[in-house]
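S.K.: Please find one structure pasted underneath; my questions will follow.
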Amino acid sequence: MVAYLLQRLTGLAVVFFLVSIVAFLLMHSIPGGPFDEAQMPLPPAAKANIMRKYGLDQPLHVQYLNYMGNALRGDFGISFSSPSETVIELIGRTWPVSIALGGSTVLIALGGGIVLGILAAIRQNTWLDYIVTFTATLGLTVPNFVVALWMILVFAVQLKWLPIGGWGDDWRQLIMPMVALGLGPMGIAARYTRASLADVFTSDYIRTARAKGLGEYAVVMRHAIKNALIPIITVLGPMVPNLITGTIFVETMFRVPGLGKFFVTSVTDRDYPMIMAVMLLVAGLWGLVYLLTDLLYTVIDPRVKLV
Amino acid sequence: MHDRKKALSRRNFLRAASAGAGLAVLAACGGAPASPQPTTPPATLPPPTTAPTLVPIVEQPTATPAAEPAAAPTTPPAVSSGTINGIALPEDAAPPEQQVYVRYFDNTATFTTIDFMVSVYNGGGNALRDLLSDALIRLDRNFEPQPGAALRWFSNEDATVWTFELDPNLMWNDGTPVTADDYVATFQYSSSPEAAWDFAWYYSAPGAIKNWDKALAGEVPPTEIGVRAEGPHTLIFETETPAPFLPAKLMYSAPLQKKQLEAVGPLYNNKPETSVSSGPYVLKEWRIGERLVYEANPDYKGTNKPYIQKLINIGAKPETFFAGYQAGEVDHVTGEYLTTADNEIIAADPELSQQVRLTTQDFRTDYLFFDCQNPPFNDIRVRQAFSHIVDRDSLIRNIITPTQGIPAYSFLMPGFPGSNSEALSSIQTYDPELARQLLAEAGYEGGANFPKLTLWLRSEPPVRQAVAQAIAATIKQELGIEVEVSNKEFDTFMAALNAKPTQVQFGMVSYGIDYLDPSNMLGVWLSTGRHNWWNQTYDEMVLKASEMLDAEERIKLFQDAERLLVEEAPAVWIYHRTIADLMKPYIKGEALEPNKGGFSGLQWPGISAYSNAISTLYIDNTVTELRSTPPA
């Protein structure tokens, strides 16, 4: 196990390194730079001088080595788009917000989705199943920005039940972003749980369990769920990093001051330090989540061995 | 000249203008309120300011005596239900605690500073900024320059040395006086390469501040630029060439405090603890991306004293601005943030349609442009052919909607100094038959052998994407040329446009003013500008006119240059934008009375140190019907 973990973590470090190179090259290859003239050209000498001041006139590999050298010492630089704080401070300010929103969404959407999926699987082809399937399909197919706008118009503008947006002043501010963020994942969770359970229900050992007279609760909770969980975890695990790093649309729409928007704005602003930071953060999270998912398999299914 | 980037594409900017005594001014964005008024643009736009007297002002007559208390509206409202900071509120004003103005800023736009001299394009979308010190001059609603921090100004004979006499009453709220050194330090900072000021080109030619470009290039230290103090309250600007428009240009001059700039750095205004103000407001709160709050500065000694005691700027996504306005959360939404669908709802709603207020904002013109140095657009007949296939009236009627724009047949919008739109309207007419003929003469009859084109757009919203698609369809239909429309991300577009040689063969883009003088708009088409069209005669005319002191001759030469521009057709003008803001009816003030052009919206540059609107706007006592408690 220890050897396995070491091996995986080494692999993760390599991935990290590769991601840093690819991200670095990609961001420098897109047209435009952080100090480009937005409208009118600057005299070339002036432009060159500005580039020199920021080290952007250096060959790419020198810029990369400088960046990585600093990053390994914990200095990720200062975001061009938020120059009054370091990248670390910026992430420290915004990421907890995204974790809070994303984390509660994970708990409610995935938890709720799994429960709905179980109910639908147990009551297949009943009104309950149809409602769950309908809701899940709706959550999957209606984009979150449509849901967000619709909720704002109905609950904030018309009914005035909920605040139109904001963060940290009122618990009701959490409701709409959570629903907008969570409907899709909840739909996926419900659909996969239902499908996976329905599949397990046709297995011989379930028939055996029922045959020996076990109650339905015990059949489902003790025997079926555990086996149905593996495909569910495979699908749902990777949703977690997405949810806890925030999404630009839901966060900006509901004025949640999270990290999500920087995944987009850092690129449109050519904010190099921030692009690198969020890329590395996401690469690290994904690596960890996959590792955790693999570890979870061994807990759920003793037959799985990590080698 | 800019436009909203990222948020884009619409970040509203200030621009502005004026030509009162003949000077133009510039400004920036901001939005603001207005009073009830028609939803269609005034039938007649203001005539071009005739013969702006761009003569160097040898003694600025409009100067206000230093000691004069300031800023009351020029049509002073009767007094008053109260007094705030020593000024009496208008008779119909709501009580002081209700003197609160709320609007949104775009929480997706980059917003790193509230100081223009630190960054323009990272100044947020629709953010309230430039309120913490007074610019040398400011504009009224007719874009006339008025004394700001400078009470009077004058130049030498050839308009290369300008003297500004500062208001000696101005104080920073840490108790130190505002001096010419603060302005000098600010300009030196903005010209330094370290600042990488994204508006640095602005103080380059025409009328460049002496040594400005050399300082940017690192050839001389910023201390060598032509901005210096002669005593505590006398500020001198020297320019490389005669600059009769310099005072107008110097609207963008709200200074940083030298002391804090040196002690804390250029972002000292990002936190209330380190912020210092000599302007009409002080910074109370700034939660990045979320909320920005100002309160009236009780220690303000200048001439732009506000009635409105609190300005609240809430970060929100532009798609929710209209909903928030309907929900009563904000008092004002700038028209740039309203979609075609929003405008349809507004037009159909009897109440909302009464809250529409029109502005000319930054005199922005949208146009098609070509790479004129390479085939096929190096042939003037091809460009002219394209200039005859844009049916502006139909585009305005069917896509743009009449409140949002007027047809453009030339570059300078009616009302802009030197605009000659009527005389030039017969050149780029809609005439498909003529277009086909010109194309055939150029050897591309029926579009044969013509390369397939890509029409580049700069991060445009749906309405202008639709305009581009309609134009592309017409080109296909009338000229037989395939055009694919490609809406590019902002930075990608600008990098390709500014590349030498340019990478954009055919594009659509807009330009709005930075300062109200033809030298600004027409400068875009100089061979040093952003478009790949070089015409020596045009260059000579514009550069010569820029430096001319005789106002009448000067405008005439600019008009000749614009005629050449329209005839040579490096661009096909499409429409001049008008902006229909939404503003709650309880916002009042002289700034919202119809201006010379008949527009009664809050004109550019809106709520900022660049406008005297601040000293006229107030919340009237009907506010409580719509907003029972003041927003906190």
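The values are calculated or read from the model by the stated rules, or taken from the named source; none is laboratory data. Keep in mind that this is a model prediction, so the values were computed, not measured. Neighbour counts are summed over all protein chains in view; Cβ atoms, including those assigned to glycine, are modelled from backbone coordinates with ideal geometry. Just so you know, the surface numbers come from the protein's heavy atoms only, side chains and all, with ligands and any DNA or RNA stripped out. Shrake-Rupley method; radii C 1.70, N 1.55, O 1.52, S 1.80 Å.
S.K.: For the range A:34-53, name all the residues that are more than 23 Å from residue B:514 (Cα to Cα), more than 7 Å from every other protein chain (Cβ to nearest Cβ) and not hydrophobic (A, V, I, L, M, F, W, C).
M.R.: Selection gives A:52 alone.
S.K.: Exactly one of these conditions fails for residue A:83: (1) more than 8 Å from every other protein chain (Cβ to nearest Cβ); (2) of a type outside the set (Ser, Thr, Tyr); (3) over 21 Å from residue A:19 (Cβ atoms); (4) over 17 Å from the mean Cα position of the chain (by Cα). Give me its number.
M.R.: For residue A:83, the failing item is (1).
Results for (1) part of a helix (DSSP H, G or I); (2) open to solvent by less than 60 Å² (accessible area, probe 1.4 Å), shown as yes or no for each residue.
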residue: A:107; (1), (2): yes, no
residue: A:112; (1), (2): yes, yes
residue: A:118; (1), (2): yes, yes
residue: A:125; (1), (2): no, no
residue: A:134; (1), (2): yes, no
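S.K.: Okay, next question. Which condition number in (1) out of contact with any Gly (no Cβ under 8 Å at 6 or more places or on another chain); (2) under 28 Å from residue B:117 (Cα atoms); (3) modelled with pLDDT under 95; (4) open to solvent by less than 50 Å² (accessible area, probe 1.4 Å) is the one that residue B:591 fails?
M.R.: Status for residue B:591: all satisfied but (3).
S.K.: Within the range B:491-498, is even one residue among the polar types (S, T, N, Q) and either closer than 22 Å to residue B:122 by Cα or buried (at least 22 other Cβ atoms within 10 Å of the Cβ) (or both)?
M.R.: Within the range B:491-498, one or more residues are among the polar types (S, T, N, Q) and either closer than 22 Å to residue B:122 by Cα or buried (at least 22 other Cβ atoms within 10 Å of the Cβ) (or both).
S.K.: Identify, please: which residue in the range B:328-359 is among the charged types (D, E, K, R) and more than 24 Å from the chain's Cα centre (by Cα) and is, among those, surrounded by the fewest Cβ atoms within 10 Å (Cβ to Cβ)?
M.R.: Within the range B:328-359, the match that is surrounded by the fewest Cβ atoms within 10 Å (Cβ to Cβ) is B:351.
S.K.: Then there's this: Give just the number: which of (1) surrounded by fewer than 17 Cβ atoms within 10 Å (Cβ to Cβ); (2) within 12 Å of another protein chain (Cβ to nearest Cβ); (3) under 23 Å from residue A:281 (Cβ atoms) does residue A:15 not satisfy?
M.R.: Every listed condition holds for residue A:15 apart from (2).
S.K.: Now for a separate question. Could you list, in sequence order, the residues of the range A:231-261 that are assigned to a helix (DSSP H, G or I), open to solvent by less than 20 Å² (accessible area, probe 1.4 Å) and within 12 Å of chain B (Cβ to nearest Cβ)?
M.R.: A:250, A:251, A:252, A:253
S.K.: Go through the range B:398-431 and give me each residue that's more than 15 Å from residue B:471 (Cβ to Cβ) and part of a helix (DSSP H, G or I).
M.R.: Passing the criteria: B:421, B:422, B:423, B:424.
S.K.: State which residue pairs qualify: first residue farther than 11 Å from residue A:186 by Cα and in contact (Cβ under 8 Å) with a residue 24 or more places away in the chain and inside the range A:117-141, second residue aromatic (Phe, Trp, Tyr) and open to solvent by less than 70 Å² (accessible area, probe 1.4 Å) in any location, beta carbons under 9 Å apart, and separation of 6 or more residues or different chains.
M.R.: Going by the 9 Å Cβ cut-off, the qualifying pairs are A:121/A:201; A:122/A:201; A:124/A:201.
S.K.: Which residue, of B:492, B:528, B:474, B:502, is in contact (Cβ under 8 Å) with a residue 40 or more places away in the chain and facing another protein chain (nearest Cβ under 9 Å)?
M.R.: B:528
S.K.: Would you mind finding the one in B:206, B:193 that is at pLDDT below 95, over 20 Å from the mean Cα position of the chain (by Cα) and either over 22 Å from residue B:147 (Cα atoms) or open to solvent by less than 10 Å² (accessible area, probe 1.4 Å) (or both)?
M.R.: Exactly one of B:206, B:193 is at pLDDT below 95, over 20 Å from the mean Cα position of the chain (by Cα) and either over 22 Å from residue B:147 (Cα atoms) or open to solvent by less than 10 Å² (accessible area, probe 1.4 Å) (or both), namely B:193.
S.K.: Of the residues B:147, B:168, which single one is of a type outside the set (A, V, I, L, M, F, W, C) and surrounded by fewer than 24 Cβ atoms within 10 Å (Cβ to Cβ)?
M.R.: Answer to the selection: B:168.
S.K.: Of the residues B:280, B:318, B:298, B:375, which single one is open to solvent by less than 10 Å² (accessible area, probe 1.4 Å) and either within 14 Å of chain A (Cβ to nearest Cβ) or at negative phi (or both)?
M.R.: Going through B:280, B:318, B:298, B:375 in turn, the sole match is B:280.
S.K.: Could you tell me whether the range B:414-424 includes any residue that is within 30 Å of residue B:341 (Cα to Cα), surrounded by 15 or more Cβ atoms within 10 Å (Cβ to Cβ) and over 26 Å from the mean Cα position of the chain (by Cα)?
M.R.: Within the range B:414-424, none of the residues are within 30 Å of residue B:341 (Cα to Cα), surrounded by 15 or more Cβ atoms within 10 Å (Cβ to Cβ) and over 26 Å from the mean Cα position of the chain (by Cα).
S.K.: Next up: Can you spot a residue in the range B:462-484 that is under 30 Å from residue B:250 (Cβ atoms) and at pLDDT 95 or above?
M.R.: Looking through the range B:462-484, none of the residues is under 30 Å from residue B:250 (Cβ atoms) and at pLDDT 95 or above.
S.K.: Still on this model: Would you check if there is a residue in the range A:86-104 being on the phi < 0 side of the Ramachandran plot, within 12 Å of chain B (Cβ to nearest Cβ) and either surrounded by fewer than 15 Cβ atoms within 10 Å (Cβ to Cβ) or of a type in the set (Lys, Arg) (or both)?
M.R.: Yes; the residues of the range A:86-104 include at least one that is on the phi < 0 side of the Ramachandran plot, within 12 Å of chain B (Cβ to nearest Cβ) and either surrounded by fewer than 15 Cβ atoms within 10 Å (Cβ to Cβ) or of a type in the set (Lys, Arg) (or both).
S.K.: Something else: Please go through the range A:179-219 and pick out each residue that is surrounded by fewer than 19 Cβ atoms within 10 Å (Cβ to Cβ) and either of a type in the set (Lys, Arg) or in contact with a Gly (Cβ under 7 Å, 6 or more places away or on another chain) (or both).
M.R.: The answer is A:207, A:210, A:212.
S.K.: Name the residues in the range A:18-46 that are open to solvent by less than 40 Å² (accessible area, probe 1.4 Å), part of a helix (DSSP H, G or I) and over 19 Å from residue A:76 (Cβ atoms), would you?
M.R.: Selection gives A:46 alone.
S.K.: If you don't mind, there's one more thing I want to ask. Within the range B:89-107, can you find the residues that are within 14 Å of chain A (Cβ to nearest Cβ) and among the hydroxyl-bearing types (Ser, Thr, Tyr)?
M.R.: Answer for the range B:89-107, where residues must be within 14 Å of chain A (Cβ to nearest Cβ) and among the hydroxyl-bearing types (Ser, Thr, Tyr): just B:104.
S.K.: Go through (1) within 14 Å of chain B (Cβ to nearest Cβ); (2) part of a loop (DSSP other than H, G, I, E, B); (3) surrounded by 19 or more Cβ atoms within 10 Å (Cβ to Cβ); (4) not small (Gly, Ala, Ser) one by one and return the number of the condition residue A:57 breaks.
M.R.: Failed condition: (3).
S.K.: Also: If I filter the range B:285-294 for residues that are closer than 19 Å to residue B:179 by Cβ and more than 9 Å from chain A (Cβ to nearest Cβ), do I get at least one hit?
M.R.: Among the residues of the range B:285-294, not one is closer than 19 Å to residue B:179 by Cβ and more than 9 Å from chain A (Cβ to nearest Cβ), which makes the answer no.
S.K.: Looking at (1) within 14 Å of chain A (Cβ to nearest Cβ); (2) part of a loop (DSSP other than H, G, I, E, B), find the lone condition where residue B:308 falls short.
M.R.: Going through the list (1) within 14 Å of chain A (Cβ to nearest Cβ); (2) part of a loop (DSSP other than H, G, I, E, B), residue B:308 breaks only (1).
S.K.: If you take the residues of the range B:171-190 that are among the hydroxyl-bearing types (Ser, Thr, Tyr) and within 24 Å of the chain's Cα centre (by Cα), which of them is most open to solvent (accessible area, probe 1.4 Å)?
M.R.: B:189
S.K.: Which of the residues belonging to the range A:135-156 are under 21 Å from the mean Cα position of the chain (by Cα) and either more than 9 Å from chain B (Cβ to nearest Cβ) or modelled with pLDDT of 90 or more (or both)?
M.R.: A:136, A:137, A:138, A:139, A:140, A:141, A:142, A:143, A:144, A:146, A:147, A:148
S.K.: Also, quick follow-up: Return yes or no: is residue B:545 out of contact with any Phe, Trp or Tyr (no Cβ under 7 Å at 6 or more places or on another chain), in contact (Cβ under 8 Å) with a residue 24 or more places away in the chain and more than 14 Å from chain A (Cβ to nearest Cβ)?
M.R.: no
S.K.: How many of the residues making up the range B:200-241 are away from chain A (no Cβ under 12 Å), over 25 Å from residue B:549 (Cα atoms) and assigned to a loop (DSSP other than H, G, I, E, B)?
M.R.: 5
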